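The values are calculated or read from the model by the stated rules, or taken from the named source; none is laboratory data. Model, not experiment: these values are computed from the prediction. Ideal geometry is used to build each Cβ from the backbone, glycine not excepted, and the neighbour counts take in all protein chains shown.
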Amino acid sequence: MVQNTQDSAWRKIATAIAVSALATSAGIVGATTSHAGTNGTWTRVTNDDVSITTTPSILRQGSDLLAGWQQGSVGNSAVKVVRINAKGKAIKTSTAVSGWMSIEHDPALARLSNGQVIVAYSGVRTSEPSDPFSQTVAFSRLGAGDNWAVATNESLSDSYSSYHSAYGLAVVSSGSAVVTGRIPTSTNRVTFRIGIAPTIAAASGDFHGREAALGADSYNLSLVRDNASGAVVAGWFIGGGSDEGVWLQQVWPTVGQAVRAPGSGPNAYWSGGNIGLASPKSGGVYAAYATSPSTIALWKFGATKARTVTNKANYFRSVKVAAAPTGNRLWVSWLEGRELHVASTNPTGTKIGAVRTGQSLKWGSENAYLYNLETDAYGPGLDAILTAGHATTANQADLFHVQLLPALSVKVSPKKAKAKKGKKFTVTVTDAGSPVKGAKVKFLGKSYLTKANGKVKVTLKKKSKAKTVKITAAKKNFVSATAKVKLTK
């Protein structure tokens, strides 16, 4: 297995924390101030002791985004949830549970069929071995005013999926069913439970997914509901052995066959982070993952081949995919160096656009280290939240949020022409390869609108000096684009 060296260090730290029940306390220094809600502008949404191993969980509630995380140290561990409004501003932080001896780094937000929001977590509540909360996946319910109540007589797993697990907690509901997935470190199995147990902890009810090859390990579990069929699909990574790679399996309402994602193994590149899964409005389940140290793939579960998002990445990590709430646009995101990289499909999901780079986060005098990305698509764009580590001060970290819009592409033909009055140029505006109608094109102070085919002809109204002229294309809810045409004598 080829492994991201930075993420390898993260994995060692995360494992040590899970086993030893330690959490890193982090002081906070000032981040770059910014106007919340501006496309591509980062906003700090926490101001507490967050660790670089913190793995946020996110959930859409109306127009708001909820983000949950574990924080605190041994003897005083908690799960916090921040509410972020549609403008990207953190408006309230609440406590879902507190005062535990330790809680693992991966709480999971979910919405039940009745609309009730819960956050699941596991850990050690007290030092008493018989404490039932130390033998289960517990959860808290969200009430009015962002007040949380711990479910004292219910649980999401039996003791088999107890605290001794550090490689993924995921919860999703479909109809009346609640599916909880867990990977205990004591086994090589991905474990699932269907339903909320009426006891702490449940006496039985778990079943097991694919068992990893002897000597291999399973990590990074995710669950997603297929928006068409309602089926729940799990995705996870197996490291080492003949089973190495990214695996997907339907786990509800029936248990299907586990399938390895095309190109993901053996000798796979492990990019870390929970497996990126999403289901667009029209249905189907998509996974985004690494196939080499430079290649990211997008695969529809059940298809024979995956599509290449990029083959020019450089030892990236935390690959995610998110589906727009309308249409079939998919967003693929990942961390590379100290930058967030994003590529989106067209609205129908049939074509993948160019990779957008350069989303770095200035914190102090340098760009921050970026860890543990999670994403969710909203109306026109993408919400991304991640853990950022201060570049120059050790053990200082926080959660940051950014909103991104899809980017236009613009081409002009011809690219070079004599600067004669009446000369015409054809401008084409696209969104990940699909034509964009109604884009405003500006050329030498004049404005034009593209037609349904994404094209418009612009005219040189008078003779011009030899020079290079910019042509810009803009439309609401898109990032504008420019092209250049060279005028000669």
**OP:** Scan segment 344-366 residue by residue and report those that are within 23 Å of Thr55 (Cβ to Cβ) and assigned to a loop (DSSP other than H, G, I, E, B).
**Re:** Leu361
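Starting from residues that are of a type in the set (Phe, Trp, Tyr) and at pLDDT below 55, keep the ones in segment 158-177 and report whichever is farthest from the chain's Cα centre (by Cα).
Step one: of segment 158-177, the residues of a type in the set (Phe, Trp, Tyr) are 160, 163, 167.
After this cut, where a residue has to be at pLDDT below 55 as well, the list is 160, 163.
Values: Tyr160: 28, Tyr163: 25 Å.
Here the residue is Tyr160.
Kindly indicate the residue of segment 185-195 that is modelled with pLDDT of 70 or more and of a type outside the set (D, E, K, R) and also surrounded by the fewest Cβ atoms within 10 Å (Cβ to Cβ) among those meeting that condition. Walk me through how you get there before you give the answer.
To start, the set of residues in segment 185-195 that are modelled with pLDDT of 70 or more comprises 189-195.
Keeping just the survivors that are of a type outside the set (D, E, K, R) gives 190-192, 194-195.
Numbers: Val190: 28, Thr191: 21, Phe192: 25, Ile194: 15, Gly195: 13.
The selected residue is Gly195.
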**OP:** Would you kindly identify the strands (runs of 3 or more DSSP E) lying entirely within segment 74-114 that contain at least 3 residues that are not hydrophobic (A, V, I, L, M, F, W, C)?
**Re:** 76-84, 90-100
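Condition (residue is hydrophobic (A, V, I, L, M, F, W, C), more than 26 Å from Asn39 (Cβ to Cβ) and modelled with pLDDT under 95) applied to segment 403-422: is it met by at least one residue?
Taking segment 403-422 first, the residues hydrophobic (A, V, I, L, M, F, W, C) are 404-405, 407-408, 410, 412, 417, 419.
With the extra rule that they be more than 26 Å from Asn39 (Cβ to Cβ), the set shrinks to 417, 419.
Restricting the remaining residues to those that are modelled with pLDDT under 95 gives 417, 419.
There is at least one residue in segment 403-422 that is hydrophobic (A, V, I, L, M, F, W, C), more than 26 Å from Asn39 (Cβ to Cβ) and modelled with pLDDT under 95.
Has segment 300-318 got any residue that is closer than 20 Å to Ile385 by Cα, in contact (Cβ under 8 Å) with a residue 24 or more places away in the chain and outside any loop (DSSP other than H, G, I, E, B)? Talk me through it step by step, then tell me what you get.
Step one: of segment 300-318, the residues closer than 20 Å to Ile385 by Cα are 316-318.
So of that shortlist, the ones also in contact (Cβ under 8 Å) with a residue 24 or more places away in the chain come out as 316-318.
Filter again for outside any loop (DSSP other than H, G, I, E, B), leaving 317-318.
For segment 300-318, residues closer than 20 Å to Ile385 by Cα, in contact (Cβ under 8 Å) with a residue 24 or more places away in the chain and outside any loop (DSSP other than H, G, I, E, B): present.
Looking only at residues in segment 367-422 that are hydrophobic (A, V, I, L, M, F, W, C) and not in a strand (DSSP E or B), which one is nearest to Ser480 (Cα to Cα)? Outline the logic, then answer.
Initially, segment 367-422 is screened for residues hydrophobic (A, V, I, L, M, F, W, C), giving 368, 370, 373, 377, 382, 384-386, 388, 391, 394, 397, 399-400, 402, 404-405, 407-408, 410, 412, 417, 419.
Remaining after also requiring not in a strand (DSSP E or B): 368, 391, 394, 405, 408, 419.
Details: Ala368: 27, Ala391: 31, Ala394: 38, Leu405: 10, Leu408: 6, Ala419: 26 Å.
So, considering only residues that are hydrophobic (A, V, I, L, M, F, W, C) and not in a strand (DSSP E or B), the one nearest to Ser480 (Cα to Cα) is Leu408.
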Original post:
Is there a residue in segment 428-440 that is among the basic types (Lys, Arg), in contact with a Lys or Arg (Cβ under 8 Å, 6 or more places away or on another chain) and either surrounded by fewer than 18 Cβ atoms within 10 Å (Cβ to Cβ) or over 28 Å from Leu221 (Cα atoms) (or both)?
Top reply: yes
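What's the total number of residues in segment 362-372 that are buried (at least 23 other Cβ atoms within 10 Å of the Cβ), modelled with pLDDT of 90 or more and on the phi < 0 side of the Ramachandran plot?
Of the residues in segment 362-372, 3 are buried (at least 23 other Cβ atoms within 10 Å of the Cβ), modelled with pLDDT of 90 or more and on the phi < 0 side of the Ramachandran plot.
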**OP:** Would you mention how many residues in segment 124-150 are in contact (Cβ under 8 Å) with a residue 12 or more places away in the chain, closer than 26 Å to Arg60 by Cβ and assigned to a strand (DSSP E or B)?
**Re:** 7
**OP:** Assess whether Gly209 counts as being within 16 Å of Gln249 (Cα to Cα) and at pLDDT below 80.
**Re:** yes
Subject >> Pairs where the first residue, in segment 351-375, is not assigned by TED's automatic domain parsing to the domain that holds Ala323 and the second is in a strand (DSSP E or B) and crowded, with 23+ Cβ neighbours inside 10 Å, C-beta under 8 Å, 6+ apart >> reply: none
**OP:** For segment 441-474, enumerate the residues that are surrounded by fewer than 19 Cβ atoms within 10 Å (Cβ to Cβ) and either closer than 22 Å to Asn39 by Cα or among the aromatic types (Phe, Trp, Tyr) (or both).
**Re:** Lys442, Tyr448, Thr472, Ala474
Original post:
Restricting the first residue to segment 241-261 and requiring it to be crowded, with 17+ Cβ neighbours inside 10 Å and assigned to a strand (DSSP E or B), which pairs with a second residue that is at pLDDT below 90 and among the acidic types (Asp, Glu) meet a Cβ separation below 8 Å and a spacing of at least six or different chains?
Top reply: Arg260/Asp243
Subject >> Close pairs (7 angstrom Cβ cut-off, 6 or more residues apart or separate chains): farther than 19 Å from Pro435 by Cα in segment 463-489, assigned to a loop (DSSP other than H, G, I, E, B) and of a type in the set (S, T, N, Q) anywhere >> reply: Leu487/Ser464
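Looking at Asn453, Asn477, which one is at pLDDT 95 or above, among the polar types (S, T, N, Q) and assigned to a loop (DSSP other than H, G, I, E, B)?
Checking each option against the conditions leaves just Asn453.
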Original post:
Does segment 275-282 contain any residue that is part of a loop (DSSP other than H, G, I, E, B) and within 22 Å of Leu370 (Cβ to Cβ)?
Top reply: yes
Subject >> Subset of segment 122-150 (residues that are surrounded by 22 or more Cβ atoms within 10 Å (Cβ to Cβ) and of a type in the set (Ser, Thr, Tyr)) >> reply: Ser122, Ser134, Thr136, Ser140
